[in-house]
Amino acid sequence: MAALAGCQPVPASATPPIAAGDSRAPREVNLIAKDYAFLPASLDLVPGETVLLHVINGGLETHEAILGDAAVQDAWEVAEAATAGAPPGPTPLVSVPPDVAGVRIVVRSGERVDLVWAVPIARSGATWSVGCHIPGHLEKGMIIPIHWVAPNGGATAAP
């Protein structure tokens, strides 16, 4: 019986406690883009905090990190589809209306882009994610969820 106990699945670890950042001391958050994934596998944010987001491209291709809800992700997917067949990576002319822009960070291979960002308080029930909408990248799995967490590390409902 003892041998079976060692074969039991290990529960996923909870989000460790997060000290939410503010405008004087943003919380540093790393997001790594590589061909074709983001690390970590989800982005934990405290609604209303300020973060210093480091987006690092550890891949060989240009990537982008679009942060926002489903409407934001859909808008960028449509906008970026227009660049299919163009030279690698998004063009500066790709844009979406301001009300569905979210946050867009473009990083070339080996580059790091930093952004101080006041995390918004999303609409109740809104599901947010980080996606790369350069043609073909989303289909290869370049999207991760944003988890809303309380400052003590516990899960919170979408703000």
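Efficiency by 1/(1 + (r/R0)^6): what FRET value for Asp74 and Ser109, r their Cβ-Cβ distance, R0 = 35 Å, to the nearest 0.05?
Taking R0 as 35 Å, the efficiency between Asp74 and Ser109 is 0.85.
To the nearest 10 Å², what's Leu39's accessible area with a 1.4 Å probe?
Accessible area of Leu39: about 80 Å².
Determine the order of Lys34, Lys140 by accessible area, beginning with the largest, at a probe radius of 1.4 Å.
Lys140, Lys34
Would you calculate the separation in nanometres between label points at Thr127 and Ala25, each defined as 7 Å from the Cα along the Cα-to-beta-carbon direction?
3.6 nm
Taking θ as phi - 60°, what are the ³J(HN,Hα) couplings along the range 28-33 by the Karplus curve (6.51, -1.76, 1.60), each to the nearest whole Hz, with x for Gly and Pro?
Residue by residue, the range 28-33 yields 7, 10, 9, 10, 9, 9 Hz.
According to the square roots a ≥ b ≥ c of the eigenvalues of the Cα gyration tensor, what is the shape class of the range 19-75, taking rounded for a/c under 1.5, prolate for a/b larger than b/c otherwise, and oblate for the remainder?
oblate
If you roll a 1.4 Å probe over the range 28-103 with all protein chains in place, what percent of the accessible area is carbon or sulfur?
63 percent
The values are calculated or read from the model by the stated rules, or taken from the named source; none is laboratory data. Being a predicted model, the structure only gives us computed values, none of them experimental. Methodologically, a virtual Cβ is constructed for each residue, glycine included, from the backbone with ideal geometry; neighbour enumeration extends over all protein chains shown. Accessible surface areas use protein heavy atoms only, side chains included; no ligands, DNA or RNA. Shrake-Rupley method; radii C 1.70, N 1.55, O 1.52, S 1.80 Å.
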